[in-house]
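The values are calculated or read from the model by the stated rules, or taken from the named source; none is laboratory data. These numbers were taken from a predicted model, which means no experiment stands behind them. No Cβ is skipped: glycine too gets one built from the backbone with ideal geometry, and neighbour counts run over all protein chains shown.
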Amino acid sequence: MRLDYLTIFPEFLAPLRQSLTGKAADKGLIELHVHDLREWANDRHRTVDDAPFGGGAGMVMTPEPFGEAFDALGIDGATVVVPTPSGAPFSQALARELATRERLVFLCGRYEGIDQRVLDHAATRAEVVEVSLGDYVLNGGDVAAVAITEAVVRLLPGFVGNAESLVEESHEDGLLEYPVYTKPPVWRDRAVPPVLLSGDHAAIAAWRHAQRLARTAERRPDLRHVAAALDAGDLDVRPAQPADAEEVAVLQRACWLSEAVANSTLDIPALSEDADEVRRGFAQWQTWVVRSGGRLVGSVPARASPEIPGQWEIGRLMVAPDLQGRGIGRALLAYAEAAAPAGTRRLWINTGTRSAANLRRYRRAGYRARPGEGRFAGTVDLVKDVPGADAIS
Ligand code: ADE
């Protein structure tokens, strides 16, 4: 993975050369390129900011140095990451997503932010993601870029010897981590919980799991309901009712917004359908909705193809954006696949040509993209043959 940073404080990025990210660079797993944005400032004072049009406090970073840096470095096909308090919340799911990219270019803003045209222009050549570390304001994007880099780079294959240590940690499955202890067994009159010294691996695993649930419930009640439900295998999946249509219409918009961005089009029916249209869809597609803690968090429709005998079609598979990356989509896909009637020979699904994350997910689930344009403009069809059935030619 190649990582570029455009900053006016290159020294803020120096920690990346330390510790494990530094080792990853030494090993050739990542290439780090830190650039002083002022190199591309053309005036005598190497100015990179100016007063905002329309008035208001503070200064705005001017577009020219960024534009020249883009031209010099090339950003085509890269993922441009812009740390900003107005971005989408950073999460382990987003870190996992970014870890699949070949090149990340960080734009480290200062002052009141970066002229919007820089991002609009970058979006014509690259994928642009605006990311917030949390609901607080830092002095600039540099520290956030370091934090995002650490979270992403440690997920790269080959970064850590023990892949299990990645799976078993906070947020990987929506639960916080259990407390950990090491020698000595008693320290300042505090003993390590005896179960950890028992040698009983099943008891230790059970204790740790209980600790994770208790901690998550206490500290992050917002995470617990889905994690616990997934854990118990009892997400509440039911056939959609007409009364669910309003919530499905809202979920649909939330889910298809990223598709619109990825595919550079608003011409996506799912974005503009209202609840009545969604309700009519329920009549044509067998639809399931999934709830967690009462909230509708996902849905999936499926039907036997009216044109191709033996083809079971899976429609708009959706998971609420804040809950993606926890296995709900995988579970729903499996649910819709399992509902295929006897005699099904092929499973079919469709996604945007540039919806890289969906394409990866479906490939992982055994689907293969069919060459050429899919059923709708700008989409690709993916199919999976049912094992043991005659393939559809
Ligand atoms: N830049 C300033 N504040 C930030 C935040 N909370 N997250 C990411 N980048 C920022």
Quiz prompt | Tabulated pairs, the stretch 127-142, first more than 7 Å from the ligand (Cβ to nearest atom), second outside any strand (DSSP E or B) and at pLDDT 95 or above, C-beta under 7 angstrom, 6+ apart or interchain | solution = VAL128/LEU119; VAL128/ALA122; ASP142/PHE9; ASP142/PHE12; ASP142/LEU13; ASP142/CYS108
Quiz item: What do you reckon, is ARG103 buried (at least 17 other Cβ atoms within 10 Å of the Cβ) and either under 10 Å from the mean Cα position of the chain (by Cα) or within 16 Å of the ligand (Cβ to nearest atom) (or both)?
Solution: no
Exercise. Working only within the stretch 293-344, note down all residues that are assigned to a strand (DSSP E or B) and either surrounded by fewer than 22 Cβ atoms within 10 Å (Cβ to Cβ) or assigned by TED's automatic domain parsing to the domain that holds ARG220 (or both).
Key: ARG295, LEU296, ARG303, ALA304, GLN311
Quiz item: Looking at GLY161, is it modelled with pLDDT of 90 or more, more than 14 Å from the ligand (Cβ to nearest atom) and farther than 30 Å from SER258 by Cα?
Solution: no
Quiz item: Quick one: in the stretch 81-94, which of the residues that are surrounded by 21 or more Cβ atoms within 10 Å (Cβ to Cβ) and not β-branched (Val, Ile, Thr) is farthest from the ligand (Cβ to nearest atom)?
Solution: PHE90
Quiz item: Do the conditions hold for GLY372, that is, is it modelled with pLDDT of 90 or more, of a type outside the set (Ser, Thr, Tyr) and part of a loop (DSSP other than H, G, I, E, B)?
Solution: yes
Quiz prompt | Whichever residue in the stretch 180-219 is under 29 Å from PRO321 (Cα atoms) and surrounded by fewer than 12 Cβ atoms within 10 Å (Cβ to Cβ) and, among such residues, is modelled with the lowest pLDDT | solution = ALA210
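How about the stretch 254-276: which of its residues are of a type in the set (S, T, N, Q) and in contact with a Phe, Trp or Tyr (Cβ under 6 Å, 6 or more places away or on another chain)?
none
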Quiz item: Does LEU6 meet the test of being part of a loop (DSSP other than H, G, I, E, B) and either under 13 Å from GLY109 (Cα atoms) or in contact with a Gly (Cβ under 7 Å, 6 or more places away or on another chain) (or both)?
Solution: no
Quiz item: What is the residue count in the stretch 39-76 for residues that are assigned to a loop (DSSP other than H, G, I, E, B) and among the hydrophobic types (A, V, I, L, M, F, W, C)?
Solution: 7
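Every residue, every condition in (1) at pLDDT 90 or above; (2) surrounded by 15 or more Cβ atoms within 10 Å (Cβ to Cβ); (3) more than 30 Å from GLY77 (Cβ to Cβ), yes or no:
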| position | (1), (2), (3) |
| --- | --- |
| VAL250 | yes, no, yes |
| VAL261 | no, yes, no |
| ASP267 | no, no, no |
| VAL278 | yes, yes, yes |
Practice problem: Report yes if ASP36 is at pLDDT 95 or above and not aromatic (Phe, Trp, Tyr), otherwise no. | Solution: yes
